[in-house]
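> Attaching a single structure in C-alpha cells format; questions to follow.
The values are calculated or read from the model by the stated rules, or taken from the named source; none is laboratory data. Only a predicted model underlies this, so the values are computations on that prediction, with no experimental measurement involved. Here the Cβ positions follow ideal geometry from the backbone for every residue, glycine too, while neighbour counts run over all protein chains shown. Only protein heavy atoms, including side chains, enter the accessible area calculation; ligands, DNA and RNA are left aside. Shrake-Rupley method; radii C 1.70, N 1.55, O 1.52, S 1.80 Å.
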Amino acid sequence: MKPRGARELPGWADWALLPALNLVLALLIAAAVVALVGESPLQAFRLMARGAFGSQEGIGYTLFYTTDFLFTGLAVAVAFHAGHFNIGGEGQAYVGGLGISLAALHLGHWPFWIFLPTAIAAGALFGAAWAAIPAWLQARRGSHIVITTIMMNFLASALMTYLLVNVLIAPGQQSPESAPFPRGALMPSARALLGDVGLHFTSTPLNLSFLIALGACALVWLLLWRTKWGFALRVAGASPGAAAYAGISPGAATIWAMLISGALAGCVGLNELLGSQHNLILDFVGGAGFVGIAVALMGRNHPLGILAAALLFGALYQGGSELSFDMPHVNRDLVVAIQGLVVLLCGALEGLLRAPLAALFARFGNRDRAPAGD
Amino acid sequence: MTNPAEAPAGAPPPALELLGVDKRFGPVHANRAVSLRVAAGTVHAIIGENGAGKSTLMNIVFGYHQADDGEIRIHGRPARIRRPHDAIEAGVGMVHQHFMLVEAFTTLENIVLGAEGGLRLADGLAGARASLERLAADYGLAVPLDRPVGELPVGLQQRVEILKALHRGASLLILDEPTAMLTPGEADQLFALLRRLRDEGKTVLLVTHKLREVMAVSDRVTVMRQGAVVADLDTRSTSPAELAEKMVGRAVQLQVERTPSKPGAVLLEARSLDLRDRHGIARLRDVSFALHAGEIVGIAGVAGNGQTELLEVLAGMRRPDAGEIHLGGRDLVSCGLGPRERRALGLAHVPEDRLAAGLVGAFPAWENALLGYHHRAAYGTGPLLSPSVAIAECGRRMETFDVRPRLPRLRASAFSGGNQQKLVLAREIESSPSVLLVGQPTRGVDIGAIEAIHRRLLQLRDAGKALLLVSVELDEILGLADRILVMHDGAIVGERPGDGASEREIGFLMAGGRPGSA
C-alpha cells in the first residue's frame, strides 16, 4: 500500500540533482530580489562568483568560512545518524572556543606541535561537555534534544558574556575581550604554510584549521561507516526497535553521538580564534552553528556532501560580502537575505521539488529504480 | 489467458470491469494487460504472492496510481479515476490493511471525517448518526459510535472502516488483506459480514494471499502472478492445491512432511516468569516451560496474549519482574544478561516484527546481516568494521537461503516480505545457535517462501536445536510443533502434543475456555 508521493528517486538524483535544483531555485528567487532593488541580477552573480573564487584573497576567505561550516556541518551529521537533531552547534562552538582560549592563554608557550593537539583536545572537550548536558537529559529523562540544545545556546551566550565581561577581560580594557594569545599559540596561516614550500599565497585568514577540518571529514566517515561502534550508532538512529533487538543501548548511542557532535562543533574556535581573531571575543561563532544545519541537510549527512555544501556556503558568505561592497543598492542585509534564501530552499524546503521530480522519473521510466516487490 | 465469462443478456453490468490495464514502474512491469470482471452482488477474491501486482491493481482502481493503458468500468460506465476522491464518487470504498483512523476520535467523528457536511459539525454528526444507525441495522454492523476508536479491538476498528466506506455510498468494497490483524474468530465474523453485504446487494473485492480465506468466503477467484491474470475460477470448482500451484507457478507442498521428534536434554528453561507493563497490567503470569534439544515447541494464542512479551523477555529485550531463565547452566535474569550476551550463549531470535526489529530497512542487506553480531571479531579487527568480509558472507548466505535478488548492497526495504524474512533467518540460523526463538516466521510471506522457511526450521530441529515457535497462524503451529503450549491472558493455559491436537480444542483454549468444559 503506497500512497502517492512515496516514490523514490534514483541515488544520483537524490544526491546531486535535487540539491542542484534547490540551489538554482534559490538563486532565481534571489535574482528576483536583486532585480527588485534595481540592480542587475546577472551582474550581481558575476560579482559574487568573482568575489568568492576570482582571486587568491577571495579563495582564501571562501575556504576560511568553509572551515567553520565543515566543523558544524559534521557535528549536525553525527548527531543525525544517531537519530538526533543537534541545534546546539552554535553554543557548543562558543563554549569550545572558551576551552581553546584557556589553553592558548595558559599553555601557549609550549612548542606549537605539542600545543596544537592540546588545543584541539581542549576545544573538543569543552564542546562535548556542553553537548553532554542535553545528551544526558535525552538519554535518561527523555527531554527532547531539539529543545534542550536551543536552550543551551542561550545559556552558552550568557555564560560567555559573563566570563568575558567579568573574568577573562584583559586588564585595562574597555571592550569585553580576552588578552591576545601568545604568538606561539597561533595557527600557521595558509600564506606561511605555502611559503614554507616555496609557493606564494596572499594574506588571508585561511589557516591550518582547514586541513584539520578535512581530516575531521575523513575521521567522521571512518567512524560512522568503518567501525563497529559507528554501525551500532547508526542502527540506534535508524531503528530503535532494531537497536533493542540487537542489544544496542540507545541511551549510550545518544550520549556518544552528542559528545562527538559537540567536540566537532567545539573546533570552530581553532579556525576563528587561533587562526584569525587571535584572542577570545564575544559572538565569534557568528551563526556558523546554524549554517551547519543547512550544510548537513544539503550534504545528505555524508562527509563528502558536507564538503561540497560547506564550500557552497563559504562561497556565498565571501561572495556576498564582496557584493555589498560593490553594489550601491545591495547592502549587508540583502546579502543575508540571499544567504537565507539558500538556507531556506536547500535546508528547510529541501523536499519541495522531491515529489514533482519523483513523478517525472516515474513517468519517463528510469532503469535505476528496481523495486524487488510491491 | 483471461477470459471472463460473457454476462447473460439482461443481467446487471459487472460492478467492476478492467480491460487491458497496464502499468509499469520503470523496468518493473507491475500489471500486464490485466482484464478482470467482478460480477455485481458477489464476493470476488484476487489472490497472488507478494509482488504479483494485486496491490498495484487495487491502487489503480482506487486512484493512487494511474494506469499507463487500459480502461476501468464501474457498473458498466467507463470511469476516469485520477485520485481516491473520484473512486469514492464512483461508489468504490477501500478498507486498507493498515487502518486509516484517528485513534483519539470517536467512531462517529472518524466516519464523518472528510465528509462533515457543512460548517456546523453538530448538524453533520447528527445526520451521520441517523444514517449510520440505519446502516448498522441493515447489515448487522453494530459498533459503539461514541467511543474513541483507539479503545476498540482491531476487529471492530475494521468494521468502522467498512461502515465508513458504506456511509460514503460505496457499492463496491475493496478489502486489502483484511485478516492480517485479526484473530481466527474475528476473521470468521468478518466473513459472515461480507456474506451478508453480498446478500444485500453489495459487491466485495477481497485482496489476499491466504488460500483459506478465498475458499471460505469468495464466489469467484482471480489468480495473479508476475503482474498478469493467470486464472479466473469459480471457487466451488477449485481447491487450495490448485490455487497454490497457479499462484506460484509450480506444485507446492502446503504441509511440510515431519518425522517424529527425538527430544534430548533441556536447553532452555523458563521458571515462573512474571511481567507487568508500564500501566501495571500483568502481561506474563507465572510462565514456566522447558525447551528440549531436537524439538519445536509452539506457542498458540490470539495475538496480544503475552506471546510478544514472552519472546522479548526470553531474548533479553525486556526484564521480567520475577522468574528465572536458565540457559547453559546460568540464570540469565539474575546475571542481568542482555541480548548480546545471550547471543554469545547460543540463543538466537527471529523477532515477530522483522521491519521494526529484525531489520533496518534503510540499511543494505549486508549491514543487516551483521545486526546483533557486528561486534564479532570475524567482521573486523578491534573496533574496525570490514565491509568486504561481511558483503562476501552475505552473498554466500543469499545463495544458501535463496534470497532474491542476490544483491548484498540492496537496502533491506527493497526486498519482498519473504526475502526479508529469509535474510533474518539466514543471519540467526548461520550464527549456529543452540536455541532459536522464532516469532511469526511467515507473516506476510509468499507461499513458496513459507515452504522453504518451514523446511529450514524442521532441519534445525532435526539437527538437535531447540526451537520456540510463536505464531498466530494456528495451521503453522499444528504443522510444525512437537508440543503446543496455549497462551491466554499472559498465562499458559494448556499443553497438547503436536500430533493429534485438534484445531477446535486449541482454538477453544486460545479463547480462554477451560480444559474439560469444551
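> Based on this model, can you work out whether B:A87 counts as open to solvent by less than 50 Å² (accessible area, probe 1.4 Å), free of Cβ contacts under 8 Å to residues at least 40 places away in the same chain and within 14 Å of another protein chain (Cβ to nearest Cβ)?
On the way: open to solvent by less than 50 Å² (accessible area, probe 1.4 Å): yes; free of Cβ contacts under 8 Å to residues at least 40 places away in the same chain: yes; within 14 Å of another protein chain (Cβ to nearest Cβ): yes.
It is true that B:A87 is open to solvent by less than 50 Å² (accessible area, probe 1.4 Å), free of Cβ contacts under 8 Å to residues at least 40 places away in the same chain and within 14 Å of another protein chain (Cβ to nearest Cβ).
> Out of region B:191-209, which residues are modelled with pLDDT under 90 and open to solvent by less than 50 Å² (accessible area, probe 1.4 Å)?
Selection gives B:T208, B:H209.
> Also, I was wondering about something else. Filter region B:396-430 down to the residues that are surrounded by fewer than 23 Cβ atoms within 10 Å (Cβ to Cβ), in a loop (DSSP other than H, G, I, E, B) and within 12 Å of chain A (Cβ to nearest Cβ) and list them by number.
Residues satisfying the conditions are B:R404, B:P405, B:R406, B:L407, B:R409, B:L410, B:S416.
> Residue check, B:P178 against (1) within 28 Å of B:K210 (Cβ to Cβ); (2) outside any helix (DSSP H, G or I); (3) open to solvent by 20 Å² or more (accessible area, probe 1.4 Å), all met but one. Which one?
Exception for B:P178: condition (3).
> Among the residues in region A:274-281, are any open to solvent by 40 Å² or more (accessible area, probe 1.4 Å) and under 30 Å from B:V424 (Cβ atoms)? If you could, list the steps in order and put the result at the bottom.
Going through region A:274-281, the residues open to solvent by 40 Å² or more (accessible area, probe 1.4 Å) turn out to be A:276-278.
Right, trim to under 30 Å from B:V424 (Cβ atoms) and you get none.
So far as region A:274-281 goes, no, none of its residues is open to solvent by 40 Å² or more (accessible area, probe 1.4 Å) and under 30 Å from B:V424 (Cβ atoms).
> Exactly one of (1) free of Cβ contacts under 8 Å to residues at least 12 places away in the same chain; (2) not in a loop (DSSP other than H, G, I, E, B) is unmet by B:G114. Its number?
It is condition (2) that B:G114 fails.
> Being open to solvent by 20 Å² or more (accessible area, probe 1.4 Å) and of a type in the set (S, T, Y) is true for just one of B:T381, B:T442. Which residue is that?
Details: B:T442 fails: open to solvent by 20 Å² or more (accessible area, probe 1.4 Å).
Within the list B:T381, B:T442, the selection yields B:T381.
> Assess whether A:P117 counts as being within 23 Å of the chain's Cα centre (by Cα), surrounded by fewer than 17 Cβ atoms within 10 Å (Cβ to Cβ), farther than 21 Å from A:F284 by Cα and not aliphatic (A, V, I, L, M).
Working: within 23 Å of the chain's Cα centre (by Cα): yes; surrounded by fewer than 17 Cβ atoms within 10 Å (Cβ to Cβ): yes; farther than 21 Å from A:F284 by Cα: yes; not aliphatic (A, V, I, L, M): yes.
Answer is yes for this residue.
> Find the residue count for region B:142-170, including only residues that are surrounded by fewer than 18 Cβ atoms within 10 Å (Cβ to Cβ) and assigned to a loop (DSSP other than H, G, I, E, B).
Qualifying residue count for the region: 7.
> Still on this structure, I have one more. Which one of the conditions (1) open to solvent by less than 30 Å² (accessible area, probe 1.4 Å); (2) at pLDDT below 95 does A:S209 fail to meet, given that it meets all the rest?
Unmet condition: (2).
> For B:D475, state whether it is surrounded by fewer than 21 Cβ atoms within 10 Å (Cβ to Cβ), in contact (Cβ under 8 Å) with a residue 60 or more places away in the chain, in the same structural domain as B:E352 (by TED's automatic domain parsing) and not in a helix (DSSP H, G or I).
no
> Take B:A244 and decide whether it is in a helix (DSSP H, G or I), open to solvent by 30 Å² or more (accessible area, probe 1.4 Å) and hydrophobic (A, V, I, L, M, F, W, C). Steps first, answer last, please.
Values: in a helix (DSSP H, G or I): yes; open to solvent by 30 Å² or more (accessible area, probe 1.4 Å): no; hydrophobic (A, V, I, L, M, F, W, C): yes.
Criteria not met by B:A244.
> Quick check: anything in region B:459-467 within 26 Å of B:L275 (Cα to Cα), modelled with pLDDT of 90 or more and crowded, with 16+ Cβ neighbours inside 10 Å?
We begin by selecting, within region B:459-467, every residue within 26 Å of B:L275 (Cα to Cα); these are B:466-467.
Imposing the further condition that a residue be modelled with pLDDT of 90 or more reduces the set to B:466-467.
From the residues that got through so far, the ones that are crowded, with 16+ Cβ neighbours inside 10 Å too are B:466-467.
Scanning region B:459-467 turns up at least one residue that is within 26 Å of B:L275 (Cα to Cα), modelled with pLDDT of 90 or more and crowded, with 16+ Cβ neighbours inside 10 Å.
> Of the residues that make up region B:218-231, is at least one in the same structural domain as B:G53 (by TED's automatic domain parsing), assigned to a loop (DSSP other than H, G, I, E, B) and open to solvent by less than 30 Å² (accessible area, probe 1.4 Å)? So that I can check it myself, show each step before the final result.
Pass one, region B:218-231, residues in the same structural domain as B:G53 (by TED's automatic domain parsing): B:218-231.
Cutting the leftovers down to assigned to a loop (DSSP other than H, G, I, E, B) gives us B:218-219, B:226-227.
Checking the rest, the ones that are also open to solvent by less than 30 Å² (accessible area, probe 1.4 Å) come to B:218, B:227.
Yes, region B:218-231 contains at least one residue that is in the same structural domain as B:G53 (by TED's automatic domain parsing), assigned to a loop (DSSP other than H, G, I, E, B) and open to solvent by less than 30 Å² (accessible area, probe 1.4 Å).
> Restricting attention to region A:161-183, does a residue exist that is within 24 Å of the chain's Cα centre (by Cα) and open to solvent by less than 30 Å² (accessible area, probe 1.4 Å)? Break it down stepwise before answering.
First, pick out the residues of region A:161-183 that are within 24 Å of the chain's Cα centre (by Cα): A:161.
Still in the running and open to solvent by less than 30 Å² (accessible area, probe 1.4 Å): none.
So far as region A:161-183 goes, no, none of its residues is within 24 Å of the chain's Cα centre (by Cα) and open to solvent by less than 30 Å² (accessible area, probe 1.4 Å).
> Which residue out of B:V248, B:V266, B:V221, B:V256 is under 24 Å from the mean Cα position of the chain (by Cα), over 22 Å from B:V34 (Cβ atoms) and touching a residue at least 24 places away in the same chain (Cβ under 8 Å)?
Numbers: B:V248 fails: over 22 Å from B:V34 (Cβ atoms); B:V266 fails: under 24 Å from the mean Cα position of the chain (by Cα); B:V221 fails: over 22 Å from B:V34 (Cβ atoms).
On inspection, the qualifying residue turns out to be B:V256.
> Going by what's in this entry, would B:G507 be described as open to solvent by 10 Å² or more (accessible area, probe 1.4 Å) and not in a helix (DSSP H, G or I)?
On the way: open to solvent by 10 Å² or more (accessible area, probe 1.4 Å): yes; not in a helix (DSSP H, G or I): no.
Answer is no for this residue.
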